[in-house]
Amino acid sequence: MNGVLWVAATPIGNAQDASLRLLSVFENADLIAAEDTRKAKFLMKALGITTHAKVISFFAANEEARVREMLDAVLNGSNVLMITDAGMPGVSDPGYSLVSGAIARGITPVVLPGPSAVTTALAQSGLPMERFIFDGFIPRTDGARRDYFKGIAHEARTVVLFESPRRLPSSLAGAAEVLGAERLGAICREMTKTYEETIHGTIAELAHWASTHEVLGEITIVIAPAPTALRPTNEHILAQAQRLISLGMGKREATAELAQEYGIPKRDIYDLLIATSKAD
């Protein structure tokens, strides 16, 4: 009989945000795979948990071997718990390969919901929450970072990003240059922790704050949707697509280029082109 594979979100700072279900799973696991075993043991101590489970490391360098080990353990009847340092596994952390591997081997993972830096920052930002995207960490190099910001210049959804404290000033300066100094945003720092702080303002104001303060801790950035005037109309998109196609591009290639330029899903642009072709 197979065991259970639990994939669980853990607190992003305050240990008291752990759910009762998470406490129970900790106590009933036979094997706990943690991104950092020291942090896992610290969390268990803070929660007053005692466990008989073996605790092993699970991070990028050993992910492939650990996935096989954990899935073999489940198939042999062990209950396995996978956690990362904070938040939901797989969200800018190890976890995706384990879940996809489990499904491929006929194992249905049991996911325990919980704290998330992405949705916590979104709620704290005061920016529109109905539609948003999460894009992980901002690219590190100047050129890649600039290209990224160009790609979301016309984004109609709120954007949530991670950034290191060290790169925050240069990233926000680049965002102000490409997205516009007056676009709104928020910096959410050390969420749920003792020195939690949220800074609201224009991107120019956020860039100034980052360049004039010593920034420490975990950083999440939230950027408002593009002003309505900056969002291209369907007519404009079609005109640009037809121009690219007239230059020799195929529909899919033109779609990909416009999606990158306007920050619009490729499927939306391609469906628009197909609908227009049928109408003709």
If you scan segment 68-90, which residues turn out to be among the hydrophobic types (A, V, I, L, M, F, W, C) and either modelled with pLDDT under 95 or not in a strand (DSSP E or B) (or both)?
MET70, LEU71, ALA73, VAL74, LEU75, ALA86, MET88
In segment 40-96, the residues that are among the aromatic types (Phe, Trp, Tyr) and crowded, with 17+ Cβ neighbours inside 10 Å:
PHE58
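Going by the conditions given, is ALA144 crowded, with 19+ Cβ neighbours inside 10 Å, assigned to a helix (DSSP H, G or I) and not hydroxyl-bearing (Ser, Thr, Tyr)?
no
Have a look at THR108, THR119 and point out the one that is within 16 Å of the chain's Cα centre (by Cα), modelled with pLDDT of 95 or more, of a type in the set (Ser, Thr, Tyr) and within 22 Å of SER19 (Cα to Cα).
Details: THR108 fails: within 16 Å of the chain's Cα centre (by Cα).
Unique residue meeting the criteria: THR119.
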Would you check if GLY180 is touching a Ser or Thr at 6+ places or on another chain (Cβ under 8 Å) and of a type in the set (Gly, Ala, Ser)?
no
Only one of ILE152, ILE237 is within 24 Å of ARG131 (Cβ to Cβ) and touching a strand residue (DSSP E or B) at 6+ places or on another chain (Cβ under 6 Å). Can you tell me which?
ILE152
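Which of the residues belonging to segment 117-146 are within 15 Å of GLY174 (Cα to Cα) and either aliphatic (A, V, I, L, M) or in contact (Cβ under 8 Å) with a residue 12 or more places away in the chain (or both)?
Matches in segment 117-146: PHE137, ILE138, ARG140, ASP142, ALA144, ARG145, ARG146.
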Among the residues of segment 176-214, which ones are touching a residue at least 12 places away in the same chain (Cβ under 8 Å), out of contact with any Phe, Trp or Tyr (no Cβ under 9 Å at 6 or more places or on another chain) and assigned to a strand (DSSP E or B)?
LEU184, GLY185, ALA186, CYS188, THR198, HIS200, THR202
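Somewhere in segment 147-156, is a residue outside any loop (DSSP other than H, G, I, E, B) and closer than 13 Å to ILE221 by Cβ?
Residues of segment 147-156 that are outside any loop (DSSP other than H, G, I, E, B), as a first pass: 147-151.
With closer than 13 Å to ILE221 by Cβ added as a condition, the list becomes 148-149.
Yes, segment 147-156 has at least one match.
Yes or no, residue by residue, for (1) at pLDDT 95 or above; (2) closer than 29 Å to ASP271 by Cα; (3) out of contact with any Ser or Thr (no Cβ under 9 Å at 6 or more places or on another chain):
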residue	(1), (2), (3)
ARG146	no, yes, yes
PHE162	yes, no, no
LYS193	yes, no, yes
GLU196	yes, no, yes
HIS208	yes, no, yes
GLN240	no, yes, yes
ARG252	no, yes, yes
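The values are calculated or read from the model by the stated rules, or taken from the named source; none is laboratory data. Keep in mind that what you see is a predicted model, and the values were worked out from it rather than measured. Every residue, glycine as well, gets a Cβ built from its backbone with ideal geometry; the counts of neighbours run over all protein chains shown.
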